[in-house]
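These notes are about the structure you will find just below.
What follows draws every value from the coordinates through simple rules; no lab data is involved. From a predicted model like this one, the values you see are computed outputs, not experimental measurements. Methodologically, a virtual Cβ is constructed for each residue, glycine included, from the backbone with ideal geometry; neighbour enumeration extends over all protein chains shown.
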Amino acid sequence: MNKGVVTYLPSHDGQPGAEIAWAVDCREAFNRGVKLAQSWLDSAFGGWLWAVMIAERDLLPRAIDRRAFEVGFLGRLHQRLRSHETSSQPAEGVALGHAHPERWPPAEAACRC
């Protein structure tokens, strides 16, 4: 039985990384998404975020690669957004967008896609 291939979103911006298991090897597409997101974040003028993601994602022929690209891209953006949220939030209270943040699984938990 195939146990899949694991991709790694490294920790960044003070946020934990994540492991995501895939049924097929789509590490290249995942890493491409992470790198494009970082490039957009580092850019003084990166253009429309959605247009940058869609234009690059649509170059990938397989649906699983497009999904892996999206997960890598959005995962990196999520880390940046959470870093700003946690730096401006009090230690206690409700995180933005989460009525019960303690119910969410820890970010370092593996996701099976």
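Label-to-label distance, Leu59 versus Lys35, with points set 7 angstrom from Cα along the beta-carbon direction: 1.0 nm. For chymotrypsin sites (Phe, Trp or Tyr not before Pro), the sites in the stretch 1-71 that DSSP calls loop and that have at most 14 other Cβ atoms within 10 Å are Phe45, Trp48.
The stretch between Leu81 and Asp13, if pulled fully straight at 0.36 nm per residue, gains 23.6 nm over its current Cα-Cα span.
Hey, got a sec? Which trypsin sites (Lys or Arg not before Pro) in the stretch 1-69 land in a DSSP loop and have at most 13 other Cβ atoms within 10 Å?
On the way: sites: Lys3, Arg27, Arg32, Lys35, Arg57, Arg62, Arg66, Arg67; in loops: Lys3, Arg62.
Here the sparse-neighbourhood loop sites are Lys3, Arg62.
Checking the a/c ratio against 1.5 first, then a/b against b/c, what shape does the Cα gyration tensor give for the stretch 1-64?
Working: a/c = 3.71, a/b = 1.39, b/c = 2.67.
Because a/c hits 1.5 or more and a/b fails to exceed b/c, the stretch 1-64 counts as oblate.
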